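The values are calculated or read from the model by the stated rules, or taken from the named source; none is laboratory data. All figures in this text were calculated on a predicted structure; none of them were measured in a lab. FYI the Cβ positions are ideal-geometry reconstructions off the backbone, even for glycines, and counts take in every protein chain you see.
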Protein chains: 2
Amino acid sequence: MEDVPGHNRPSSFDAMLAATTPLDPIVTAVIHPCDSASLIGALEARDKGLITPVLVGPPDRIHATATEIGADLTGVEIIPSKHSHDSAARAVALVREGRVQALMKGALHTDEVMSAAVDKATGLRTERRMSHVFVLDVPRYSKPLLITDAAINIYPDLQCKADIVQNAIELAHAIGVDLPKVAILSAIETVYPKIPSTVEAAALCKMADRGQITGGLLDGPLAFDNAISTRAAKAKGIISDVAGEADILVAPDLEAGNMIAKQLMYLAGADSAGLVLGARVPIMLTSRADGTLSRLVSAALAQLLVHDRLGKGLM
Amino acid sequence: MEDVPGHNRPSSFDAMLAATTPLDPIVTAVIHPCDSASLIGALEARDKGLITPVLVGPPDRIHATATEIGADLTGVEIIPSKHSHDSAARAVALVREGRVQALMKGALHTDEVMSAAVDKATGLRTERRMSHVFVLDVPRYSKPLLITDAAINIYPDLQCKADIVQNAIELAHAIGVDLPKVAILSAIETVYPKIPSTVEAAALCKMADRGQITGGLLDGPLAFDNAISTRAAKAKGIISDVAGEADILVAPDLEAGNMIAKQLMYLAGADSAGLVLGARVPIMLTSRADGTLSRLVSAALAQLLVHDRLGKGLM
């Protein structure tokens, strides 16, 4: 892939990490950091000045993990819990008490984190649905590519899709894309009543026209090629400010979204990071397979988002 | 109502009738003209040079009606039929034989005409669904107002609505509105997933963006007031090239469309005419309650449409 355009361009992830330099670390509850990958991720994010970790988990297991990786936990706050479910519940409570500005998933299932976050009585719901946004650094694409929702909402309905789009736009703003171009994906670029995602894509565009979704430039339905290739869009005769230049790809459902994101990571050499938005605070949902860069950039995204919100008086 | 703006403006119906002056009459099968209103309507349209009638019905009943109204049928072609169903079938067959350019409903039910027209084997189907368009001359509105579909399609689905819109645009072109402004109506102007017509309105706009609907400027959803009042549109902060200036109102279903049209006729003093489009030829569907002006203008609309199609090589 040495000869493909953009392959040796500056990494957008490096730029995001650099953008965090002047910012204070955000206080982050690390939920159940009881395996080496999650504790290393949290401590490296601290060392880079991205987060101030508050470790939530059984103290003996956290200390055993620290010993295993040779880490010194002096000065790191630990909030004791009994087990992984309890860690999630306590971390969410720390948010509600105003003691932490973000959550980072450790050695537990995503479901455990999310079920604590979505609890109607004790969770972190806002007026917006929670959704996940992948941020990808794709070698053959000239800028960061946000993909949503590839992790949380399985078959989102139209109202949920509106929130998914708004969440992704908020993250795009936080990483410095002032008017993100949002491509609502389907299999085709025309409205075809038998493919409901084409109709919903059109509805999302009109919601933006009417101010029900703000801060982005929407178009859809667009097929994947129309969304990211100006040439493909031109070949189809699509007149659009978004086609070929998307910052955000909105998948019709989780299956398609997940496959797009994984394909870019595994076959197109993309680096990835990601966040859950729409909760009171951002949630870093890294998975066991994620490397250090992915964990660091997810923390950087959370830090950029929190400071963007603080700057706008939203936190 | 003497003081309302536009009340004494030149009638748009007069203008439409004047526009037909240079045009040859169109050969029109008059289906079952066996009562005075329908036979008078056909003969008056002939006298104005709008149509050349071909009367399709039982000859004895047609002659009896002529005697009743004191009309002379010398030189008028009569195609004999046995009863009203047979009249409809024979009139439709005349279209398929290329012998007539339009149909005019006489003394029979709309259902009888339409069931002959929609017959899959022997009818007048095109690639487009048939739909009805009312053309209203509303004293308090500055231009003709087309309303669709208030007569044929009860609960149209999205594909049918696309055809309804395209049919209305075609008629607008024929009466000289080069780029008609099409308002897709709903109860509100925002996209609200629980009101499917708002979602479908958005989808229709995107179909226009993608060239699936052509020749008009679409916006919707729009509430009735936003569609026809610039002030109401401004008050809602709606940014739209259509709002307040609609040429065509597209109703979400037949119930709403019919009530809008009837309200304008009965309480807002509107004159009305109408056509069915989407069949091989235009169908004039006047009802028993229609006066002479309504019947004449419906014939003028058909004549304008046929000549517009002839000019474009479509007939």
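Okay, residues lined up against (1) surrounded by 22 or more Cβ atoms within 10 Å (Cβ to Cβ); (2) under 16 Å from the mean Cα position of the chain (by Cα); (3) not assigned by TED's automatic domain parsing to the domain that holds A:L305:
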| residue | (1), (2), (3) |
| --- | --- |
| A:I184 | yes, no, yes |
| A:C205 | yes, no, yes |
| A:Q212 | no, no, yes |
| A:A232 | no, no, yes |
| A:K236 | no, no, yes |
| A:V242 | yes, no, yes |
| A:A246 | yes, no, yes |
| A:G257 | yes, yes, yes |
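Inspect region B:215-235 for any residue being in a loop (DSSP other than H, G, I, E, B) and within 10 Å of another protein chain (Cβ to nearest Cβ) and give the result as yes or no. Spell out how you get there, then give the answer.
Step one: filter region B:215-235 for residues in a loop (DSSP other than H, G, I, E, B), giving B:215-216, B:223, B:229.
The next check asks that each one be within 10 Å of another protein chain (Cβ to nearest Cβ); those that pass are none.
Within region B:215-235 (the criterion being in a loop (DSSP other than H, G, I, E, B) and within 10 Å of another protein chain (Cβ to nearest Cβ)), the answer is no, since none of the residues qualifies.
Return the residues of region A:237-280 that are among the basic types (K, R) and under 29 Å from A:M315 (Cα atoms); say none if nothing qualifies. Give the steps one after another, and end with the answer.
Of the residues in region A:237-280, the ones among the basic types (K, R) are A:262, A:280.
Scanning region A:237-280 gives a single hit, A:R280.
Tell me which residues, restricted to region B:223-247, are within 16 Å of B:P139 (Cα to Cα) and β-branched (V, I, T).
Across region B:223-247, the qualifying residue is only B:I228.
Which of the residues that make up region B:132-154 are in contact with a helix residue (DSSP H, G or I) (Cβ under 6 Å, 6 or more places away or on another chain) and either of a type in the set (F, W, Y) or within 14 Å of another protein chain (Cβ to nearest Cβ) (or both)?
Result: B:F134, single match.
Can you list the helices (runs of 4 or more DSSP H) found entirely within region A:15-102 that contain at least 2 residues being touching a residue at least 60 places away in the same chain (Cβ under 8 Å)? Working first, answer last.
Numbers: elements: A:36-47, A:59-69, A:84-96.
Counting at least 2 such residues, we get A:36-47, A:84-96.
If A:R210 passes every condition in (1) free of Cβ contacts under 8 Å to residues at least 12 places away in the same chain; (2) more than 9 Å from chain B (Cβ to nearest Cβ) but one, which one does it miss?
With respect to (1) free of Cβ contacts under 8 Å to residues at least 12 places away in the same chain; (2) more than 9 Å from chain B (Cβ to nearest Cβ), A:R210 is out only on (2).
Residues that are of a type in the set (S, T, Y) and crowded, with 16+ Cβ neighbours inside 10 Å: does region B:86-109 have at least one? Show your work before the answer.
Our first condition is that a residue be of a type in the set (S, T, Y); within region B:86-109, this holds for B:87.
Subsequent filtering for residues that are crowded, with 16+ Cβ neighbours inside 10 Å retains B:87.
Within region B:86-109 (the criterion being of a type in the set (S, T, Y) and crowded, with 16+ Cβ neighbours inside 10 Å), the answer is yes, since at least one residue qualifies.
Test A:I260 against the stated conditions and say whether it is closer than 24 Å to A:A18 by Cα and either in contact (Cβ under 8 Å) with a residue 60 or more places away in the chain or not β-branched (V, I, T) (or both).
Answer is no for this residue.
Among the residues that make up region A:110-123, is at least one of them touching a residue at least 12 places away in the same chain (Cβ under 8 Å), of a type in the set (A, V, I, L, M, F, W, C), assigned to a loop (DSSP other than H, G, I, E, B) and surrounded by fewer than 24 Cβ atoms within 10 Å (Cβ to Cβ)? Write out each step before concluding.
Initial filter on region A:110-123 (touching a residue at least 12 places away in the same chain (Cβ under 8 Å)): A:110, A:112-119, A:122-123.
Those left that are additionally of a type in the set (A, V, I, L, M, F, W, C): A:113-114, A:116-118.
Among the residues that remain, those that are also assigned to a loop (DSSP other than H, G, I, E, B) are: none.
Checked against the condition, which is being touching a residue at least 12 places away in the same chain (Cβ under 8 Å), of a type in the set (A, V, I, L, M, F, W, C), assigned to a loop (DSSP other than H, G, I, E, B) and surrounded by fewer than 24 Cβ atoms within 10 Å (Cβ to Cβ), region A:110-123 yields no hits at all.
Keeping to region A:266-292, report how many residues are at pLDDT below 95 and either surrounded by fewer than 17 Cβ atoms within 10 Å (Cβ to Cβ) or assigned to a loop (DSSP other than H, G, I, E, B) (or both).
Residues meeting the conditions: 13.
Counting only residues that are closer than 18 Å to A:S142 by Cα and of a type in the set (D, E, K, R), which one in region A:163-200 is farthest from the other protein chains (Cβ to nearest Cβ)?
Checked region A:163-200; the qualifying residue farthest from the other protein chains (Cβ to nearest Cβ) is A:D178.
Take B:L218 and tell me if it is crowded, with 21+ Cβ neighbours inside 10 Å, touching a Cys at 6+ places or on another chain (Cβ under 6 Å), at pLDDT 95 or above and closer than 26 Å to A:T190 by Cα.
Working: crowded, with 21+ Cβ neighbours inside 10 Å: yes; touching a Cys at 6+ places or on another chain (Cβ under 6 Å): yes; at pLDDT 95 or above: yes; closer than 26 Å to A:T190 by Cα: yes.
Considered against the rule, which asks whether it is crowded, with 21+ Cβ neighbours inside 10 Å, touching a Cys at 6+ places or on another chain (Cβ under 6 Å), at pLDDT 95 or above and closer than 26 Å to A:T190 by Cα, B:L218 comes out as yes.
Looking for something surrounded by 21 or more Cβ atoms within 10 Å (Cβ to Cβ) and more than 23 Å from the chain's Cα centre (by Cα) - is there at least one such residue anywhere in region A:11-33?
Within region A:11-33, not a single residue is surrounded by 21 or more Cβ atoms within 10 Å (Cβ to Cβ) and more than 23 Å from the chain's Cα centre (by Cα).
Which one of the conditions (1) touching a Phe, Trp or Tyr at 6+ places or on another chain (Cβ under 6 Å); (2) under 28 Å from A:S294 (Cβ atoms); (3) in a helix (DSSP H, G or I) does A:T198 fail to meet, given that it meets all the rest?
The one condition A:T198 does not meet is (2).
Yes or no: B:L145 buried (at least 19 other Cβ atoms within 10 Å of the Cβ), in contact (Cβ under 8 Å) with a residue 24 or more places away in the chain and at negative phi?
Numbers: buried (at least 19 other Cβ atoms within 10 Å of the Cβ): yes; in contact (Cβ under 8 Å) with a residue 24 or more places away in the chain: yes; at negative phi: yes.
The answer is yes for B:L145.
Name every residue in region B:129-160 that is within 15 Å of the chain's Cα centre (by Cα) and among the charged types (D, E, K, R), in order of residue number.
To start, the set of residues in region B:129-160 that are within 15 Å of the chain's Cα centre (by Cα) comprises B:129-137, B:144-153.
Matches in region B:129-160: B:R129, B:D137, B:D149.
Out of A:D72, A:D157, which single residue is within 14 Å of another protein chain (Cβ to nearest Cβ), of a type in the set (D, E) and over 26 Å from A:A19 (Cβ atoms)?
A:D157
Could you list, in sequence order, all residues of region B:236-257 that are within 14 Å of chain A (Cβ to nearest Cβ) and of a type outside the set (S, T, N, Q)? Give the steps one after another, and end with the answer.
Going through region B:236-257, the residues within 14 Å of chain A (Cβ to nearest Cβ) turn out to be B:236-243.
Across region B:236-257, the qualifying residues are B:K236, B:G237, B:I238, B:I239, B:D241, B:V242, B:A243.
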